[in-house]
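Heads up, the thing below is written out as structure tokens.
The values are calculated or read from the model by the stated rules, or taken from the named source; none is laboratory data. Just so it is clear, the structure is predicted and the values come from calculations on it, not from any experiment. All Cβ positions, glycine included, derive from the backbone under ideal geometry; neighbour counts span all protein chains shown. Side chains included, ligands, DNA and RNA excluded: accessible areas come from the protein's heavy atoms. Shrake-Rupley method; radii C 1.70, N 1.55, O 1.52, S 1.80 Å.
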Amino acid sequence: DYHFIQALIQAVSSTHEQLTTIPANAVMKAGILAGLVCSLIMVACAAVPTGQISVSLAGSSWSLHAFQSMDDSQGTMAIDSPEKYSVTFNADGTAVFRLDCNRGRGEWESVPSPDGDGGSLRFGPVAITRALCPPPSMGEKLARDLGYVRSYRIADGKLYMALMADGGIYEWHPQ
């Protein structure tokens with residue numbers, strides 16, 4: 001975390017100013033403390049995730065089969081024509097979407113979880129055509145929700161994309 005690292009640097013700087021009037025054995029102790037602080041900084045930097053493309057998603061294509069609302073009154077909605085809704089994760093970090101009668105393209109970024117079955121997932125701005133698709137269509141809802149996708153999980157050969165704040169889960173099957 002940037003603020004954590006700044007605070008550590010400030011602490012080391014103030015410690016250095018105080019060392020000018022301290023005996024040599026105390027300076028050695030401060031040197032050990034500075035080494036510990038540097039180690040903590042390295043650990044903190046290593047813990048900050050950097051965006052990367054997940055190996056399990058890159059090069060894969062999926063079709064939408066269901067949307068599970070976290071609102072019990074809505075439940076799970078099966079998709080009548082899964083071939084109308086698809087996503088392809090390109091290895092170059094771009095994603096291509098079919099949203100019923102519309103098409104979309106944008107960037108994607110993922111940080112895999114330690115177990116390798118999921119992780120964080122975010123889409124950058126997605127450029128989408130805006131044709132009026134005949135009802136019923138999930139295209140508009142899906143287009144709106146892409147910006148709220150925060151994580152994914154692959155289980156039983158299916159891709160589950162979860163929306164932030166328990167907004168729902170999209171279930172995708174491989175194409």
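Could you check the range 151-168 and list, in sequence order, the residues that are in contact with a strand residue (DSSP E or B) (Cβ under 7 Å, 6 or more places away or on another chain), open to solvent by 50 Å² or more (accessible area, probe 1.4 Å) and farther than 18 Å from G116 by Cβ?
Here is the first cut: in the range 151-168, the ones in contact with a strand residue (DSSP E or B) (Cβ under 7 Å, 6 or more places away or on another chain) are 151-154, 157-164, 168.
Right, trim to open to solvent by 50 Å² or more (accessible area, probe 1.4 Å) and you get 153, 158, 160, 164.
If the condition is that a residue be in contact with a strand residue (DSSP E or B) (Cβ under 7 Å, 6 or more places away or on another chain), open to solvent by 50 Å² or more (accessible area, probe 1.4 Å) and farther than 18 Å from G116 by Cβ, then M164 is the only one that fits.
The residue that is least open to solvent (accessible area, probe 1.4 Å), among those in the range 106-127 that are assigned to a loop (DSSP other than H, G, I, E, B) and among the acidic types (D, E), is D117.
Pairs linking a residue in the range 128-152 that is in a loop (DSSP other than H, G, I, E, B) to a residue that is exposed (fewer than 13 other Cβ atoms within 10 Å of the Cβ) and acidic (D, E), with Cβ atoms under 9 Å and 6 or more positions apart or on different chains, are P136/D80. When the range 163-172 is filtered for residues that are assigned to a strand (DSSP E or B) and under 10 Å from F67 (Cα atoms), the ones remaining, listed by number, are I169, Y170, E171, W172. On the basis of being modelled with pLDDT of 95 or more, in a loop (DSSP other than H, G, I, E, B) and within 17 Å of L57 (Cβ to Cβ), does D92 make the cut? So D92 fits the description; yes.
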